[in-house]
Amino acid sequence: MCGIIGILSNEDVAPRLVEGLKRLEYRGYDSSGIATLENGSITRCRAEGKLANLETKLEKQSLSGHVGIGHTRWATHGGPTEDNAHPHATDRVAVVHNGIIENYAELKEELEKEQARFVTETDTEVIAHLCTHYLRQGLEPQAAANATFARLKGAYAIVLIFSGEEDLMIGCRSGTPLAVGYGEGEMFLASDSYALAPLTRKICFLEDGDRVRVTRSEAQIYINDNEAIERPVRITAQSGATSGKGEYRHFMLKEIYEQPSVIGDTLNSYISPTTGHVSVPADILEALKTTPRITLVACGTAFYACMVAKYWFEQVARIPCEIDVASEFRYREAPMPSAGLALFVSQSGETLDTLEALRYCKRQNQKILSIVNTIESTIERESDLIMHTLAGPEIGVASTKAFTTQLTTLACLALAAAQARSTLDEEGVHILSDALRSVPKIAADILGHDGQILTIAQEVMEARDVLYLGRGNLYPLALEGALKLKEISYIHAEGYAAGEMKHGPIALIDDSVPVVVVAPGNDPLFEKTASNVQETVARGGKILLITDRQGQHKLGDIVRWSVVLSEVHPFVAPILYSIPVQLLAYHTAVLKGTDVDQPRNLAKSVTVE
């Protein structure tokens, strides 16, 4: 969630700290700051809100110094104010921190008895005061840092700099990611390799429990207090290029429009564009062929991708599936089958709830298969098997192209499983393969409805509440559509299985509530959904029907709005019907004037529980 960067160099680091923070904006934040050593003393500049506010302050308060740390903060303890912004500091030490210190209250009480004076509402400030306490007892910086880390409970990545120490940074990882970058006469620490890509290609990823002492010439990694350990240094595959918006007003719109291309790239990595043959790595195929059950686990939008995949795996490949939201999964202590396959989906590959669920499944001797978009992530490194969605960097906090490439990858996986388990004959595989290969072109055609959806959004933006309905493998699309609208427009929205309307939610229907219905006319469950539409219209609900010509012919006369798409095979409908609901959320948010790319209170990479 929060972003961290630290630089040890032979030139002023402040400008590069700010550039590094810009590459961490995608993680979500509400304040930012940097600290450097000027003539051995800690100096700071912090600002609430966007990085532009920090840059404005730095124009008036120029920070020099060859060692420094920077931070983008997503508020957990204390509001998004300048006082609560990182780095936090005393006269002896400055700290940036991603995560939560669970025992901060008892540490704070203890330190206040030692005359420490707290000036923020954050849990992080205890780190600075605790380390200062040990420094004042005469410990050297590394020993003081070790003593501090030993007292902390929770999940965290921490970087410290010390007054008078011009050639030293100390970092620690426990639960949330931290990487070391190796330069020529300079060294770096950061939350992820994307932040480091313009600075160096030589990266080392710390493991849980690792601590690191960094100078300009080396990084010494150790566990416990001083037990040295080697971690592999690799050449990162991340691009140093900055992802720009190009001609688009927002990253989100750019990423919506990139979907035909990135879906095509993802498909071409698993399906031959000429023969239609589905191909996944042999070890993944073997796991799919032999598993008695797949356990699918994810958070947020990725969880809805797993919900769709459950339909695919069970209907097409005939594999029993369980699905869980990651934040709840490990706490119910689910029994896991022998030779079971646990499948995890994460855009960032750093989602802490998902990572902890993965570790639970490893302890239960499950084979771990993960689908991630971000290369070199913690989830990738801790998995047995890995598949990448080829969405490229997704900067908008609300997931769009990452979601549709997750769906595309899962669809290919389900089809490969059906082949391996002989649950589809050759003709059936060919039909679904052709349907998948048609998705990029149809996705491009759907973008042609952008103007019509903008017009509809002009009415939707006036609503206080919006409902979304779907059935079968489009029920998760109702949930995803409602989530998108909530995330970026701040309109209250809920998604329901259409058949559940009469079991309570229908009480909410009146002429002020738009109801978005995702229902292709060729869907086997269309007639049942049509009955739910009739029930809603009879109670004054305003229906937006996203359908095909067949569906429009049957219901077009009674609904308020129709968005009519090309007819598609029901197997691939969830991928394609995602696009109109994304566009509706986007245009509604723009019309309401919200921050589309960085909506309030949200983070792209959720690295706390």
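The values are calculated or read from the model by the stated rules, or taken from the named source; none is laboratory data. None of these values were measured; they are calculated from a predicted model. Cβ coordinates were reconstructed from backbone atoms using ideal geometry, including for glycine residues, and neighbour counts include every protein chain displayed. Heads up: the accessible areas ignore ligands, DNA and RNA and are worked out on the full protein's heavy atoms, side chains in. Shrake-Rupley method; radii C 1.70, N 1.55, O 1.52, S 1.80 Å.
Measuring nothing but how far apart in sequence close Cα pairs (under 8 Å, 6+ apart) lie, relative to its length, the chain scores a relative contact order of 12 percent.
Remark on Gly495: its backbone amide H falls under 5 Å from those of Tyr468, a criterion applied only to residues 5 or more positions apart or on other chains, H modelled at 1.01 Å from N. When +1 charges are put on Lys and Arg Cβ atoms and -1 charges on Asp and Glu Cβ atoms, the dipole computed for the chain relative to its Cα centre reaches about 620 debye.
In order along the stretch 98-106, phi translates into HN-Hα couplings of 10, x, 9, 8, 6, 9, 5, 5, 5 Hz, rounded to whole numbers, per the Karplus curve 6.51 cos²θ - 1.76 cosθ + 1.60 with θ = phi - 60° and x for Gly and Pro.
Using amide H atoms built in the peptide plane, which far-off residues or other-chain residues are under 5 Å from Ala155 H to H? Counting only residues 5 or more places away or on other chains, the set is Ile100, Glu102.
Cross-link candidates for Lys108: which lysines have Cα within less than 29 Å, leaving aside residues fewer than 8 places away along the same chain? Qualifying lysines at Cα under 29 Å: Lys153. If the segment from Gln452 to Arg359 were pulled out straight at 0.36 nm per residue, it would be longer than the present Cα-Cα gap by 28.9 nm. Residue by residue, the stretch 502-513 carries 3J(HN,Hα) couplings of 6, 9, x, x, 4, 5, 7, 6, 8, 6, 9, 10 Hz when phi is fed to the Karplus relation 6.51 cos²θ - 1.76 cosθ + 1.60 (θ = phi - 60°); x denotes Gly or Pro.
From the alpha carbon centroid of the stretch 305-384 to that of the stretch 78-92 is 37 Å. For Met336, the accessible surface of its heavy atoms amounts to roughly 30 Å² (probe 1.4 Å, protein chains only, rounded to the nearest 10). Only one residue of Ser489, Gly451, Gly244 has its Cα farthest out toward the positive end of the dipole of the chain, where Lys and Arg carry +1 and Asp and Glu -1 on Cβ, and that residue is Gly451.
For the chain, take the longest principal axis of its alpha carbons; what is the angle in degrees between that and the long axis of helix 352-363, to the nearest 10 within 0 to 90? Tilt of helix 352-363: around 80 degrees.
At a probe radius of 1.4 angstrom, the accessible area of the chain per residue rounds to 37 square angstrom.
Taking label points 7 Å from Cα along the Cα-to-Cβ direction, Thr423 and Ser269 give a separation of 2.4 nm.
Which percent of the accessible area of the stretch 268-372 is formed by carbon and sulfur heavy atoms (probe 1.4 angstrom)? Don't skip to the end; give the middle numbers.
Values: 2020 of 4080 Å².
Ligands and nucleic acids excluded, carbon and sulfur reach 50 percent.
For the pair the stretch 516-534 and the stretch 179-228, the centres of their Cα atoms are 54 angstrom apart.
Can you say what percent of the DSSP beta bridges in the chain, counting only those with both residues inside, are antiparallel? Round to 5.
Details: 61 of 100 bridges.
Antiparallel bridges make up about 60 percent of those DSSP assigns within the chain.
When the Cα positions of Gly138, Asn224, Gly396 are compared along the charge dipole of the chain, Gly396 comes out farthest toward the positive end, with charges on each C-beta of Lys, Arg, Asp and Glu. Of all lysines in the structure, those lying under 30 Å Cα to Cα from Lys441, and not within fewer than 8 positions of it along the same chain, are Lys245, Lys254, Lys310, Lys401, Lys484, Lys486, Lys528, Lys554, Lys604.
How big is the charge dipole of the stretch 194-304 about its Cα centre, in debye rounded to the nearest 20, if each Lys and Arg gets +1 on its Cβ and each Asp and Glu gets -1 on its Cβ? Walk me through the numbers before you get to the answer.
On the way: 12 positive and 13 negative charges, 64 e Å.
For this selection, approximately 300 debye.
Among the trypsin sites (Lys or Arg not before Pro) within the stretch 115-216, those in coil by DSSP and having at most 11 neighbouring Cβ atoms inside 10 Å are Arg117.
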